[in-house]
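Notes to accompany the following structure.
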Amino acid sequence: YRIAKRCERRFFATADAVVTLTKASVPTIRQLAGRPELTITVIPTCVDLDRFDLTEPRAGDPFVTWCGSVGTWYRFDLVPPLVEAIGLPLQVLTRQAEEVSRILDGLPATIRSLPPELVPAALRTGDVGLSLCVSSASKVASAPTRFAEYLAAGMPVVASQGFGDVATIRGERL
């Protein structure tokens with residue numbers, strides 16, 4: 001770990017420029033580089049808004065949507081108590097149906113896997129998107145594409161703290 005961190009500091013200190021995915025990571029990069037004048041370019045994750053048709057009003061009863069992976073960096077373990085507290089049905093769009101069923105442990109949910117081209121239409125049917133990630137030093141430089149896709153689909157988003165530029169996007173002070 002110490003060797004890797006030493007190499008990381010050296011790479012930043014000798015870089016001509018750095019590209020990162022989030023504004024939240026810039027102060028850390030400047031500190032590691034030890035060079036306040038270092039050129040840092042932020043290229044945030046983006047969404048193709050043309051894939052999300054918002055012309056038709058959403059119909060049907062409201063529900064909560066989780067889209068994507070459920071392991072590693074994601075806090076799907078928070079979904080069952082959150083969904084029970086919200087009191088709305090759950091839609092899960094994932095390739096990990098068996099793991100989702102195990103974690104939900106009988107909590108009713110619609111679980112399905114979709115090809116990427118059908119995901120925008122499925123997100124458009126949702127009412128609230130869930131974007132819950134593990135908070136860690138490395139996740140500050142992580143840009144959650146799903147968060148942006150939920151917004152593009154016209155949904156408010158319930159998001160955890162401590163990753164990417166989510167706090168800034170939500171209008172919170174850092």
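The values are calculated or read from the model by the stated rules, or taken from the named source; none is laboratory data. Just so it is clear, the structure is predicted and the values come from calculations on it, not from any experiment. Every residue, glycine as well, gets a Cβ built from its backbone with ideal geometry; the counts of neighbours run over all protein chains shown. Ligands, DNA and RNA are excluded from the accessible area calculation, which covers all protein heavy atoms including side chains. Shrake-Rupley method; radii C 1.70, N 1.55, O 1.52, S 1.80 Å.
For the stretch 75-91, which positions are buried (at least 16 other Cβ atoms within 10 Å of the Cβ) and either touching a Gly at 6+ places or on another chain (Cβ under 7 Å) or among the acidic types (D, E) (or both)?
Q91
Which residue is farthest from K5 (Cα to Cα), if the candidates are limited to the stretch 131-147 and must be in a helix (DSSP H, G or I) and open to solvent by less than 30 Å² (accessible area, probe 1.4 Å)? Let's see the steps before the verdict.
We begin by selecting, within the stretch 131-147, every residue in a helix (DSSP H, G or I); these are 138-141, 145-147.
Within this subset, residues satisfying the condition of being open to solvent by less than 30 Å² (accessible area, probe 1.4 Å) are 139, 147.
Values: K139: 16, F147: 30 Å.
Among those residues, the one meeting the criterion is F147.
Output the residues belonging to the stretch 149-174 that are assigned to a helix (DSSP H, G or I), of a type outside the set (D, E, K, R) and crowded, with 22+ Cβ neighbours inside 10 Å.
So in the stretch 149-174, the residues assigned to a helix (DSSP H, G or I) come out as 149-152, 166-169.
So of that shortlist, the ones also of a type outside the set (D, E, K, R) come out as 150-152, 166-169.
Y150, V166, listed by residue number.
Applying the selection to the stretch 1-47, what residues are open to solvent by 80 Å² or more (accessible area, probe 1.4 Å) and among the charged types (D, E, K, R)?
R2, R6, R9, R10, D16, K23, E37, listed by residue number.
Mind listing whichever residues of the stretch 120-130 are open to solvent by 20 Å² or more (accessible area, probe 1.4 Å) and either in a loop (DSSP other than H, G, I, E, B) or of a type in the set (V, I, T) (or both)?
If the condition is that a residue be open to solvent by 20 Å² or more (accessible area, probe 1.4 Å) and either in a loop (DSSP other than H, G, I, E, B) or of a type in the set (V, I, T) (or both), then T125, D127, V128 are the ones that fit.
Looking at (1) more than 19 Å from the chain's Cα centre (by Cα); (2) surrounded by fewer than 16 Cβ atoms within 10 Å (Cβ to Cβ); (3) under 26 Å from Q161 (Cβ atoms), which is the one condition that is false for L104?
Result: L104 fails condition (2) only.
Restricting to the stretch 12-36, name every residue that is closer than 22 Å to P144 by Cα and hydrophobic (A, V, I, L, M, F, W, C).
Across the stretch 12-36, the qualifying residues are V18, V19, L21, A24, V26, I29.
Can you name every one of the strands (runs of 3 or more DSSP E) wholly within the stretch 1-83 that holds 1 or more residues which are more than 19 Å from the chain's Cα centre (by Cα) and among the hydroxyl-bearing types (S, T, Y)? Write out each step before concluding.
Working: elements: 17-20, 39-42, 64-67.
The qualifying strands (runs of 3 or more DSSP E) are 39-42.
Here are the criteria: (1) assigned to a helix (DSSP H, G or I); (2) surrounded by 14 or more Cβ atoms within 10 Å (Cβ to Cβ). Tell me which single one E117 does not satisfy.
If we test E117 against (1) assigned to a helix (DSSP H, G or I); (2) surrounded by 14 or more Cβ atoms within 10 Å (Cβ to Cβ), just (2) comes out false.
Which residue out of T55, T94, T110 is of a type in the set (S, T, Y), in contact with a Pro (Cβ under 8 Å, 6 or more places away or on another chain) and either over 27 Å from T22 (Cα atoms) or open to solvent by less than 40 Å² (accessible area, probe 1.4 Å) (or both)? Steps first, please.
Working: T55 fails: in contact with a Pro (Cβ under 8 Å, 6 or more places away or on another chain); T94 fails: in contact with a Pro (Cβ under 8 Å, 6 or more places away or on another chain).
The unique qualifying residue is T110.
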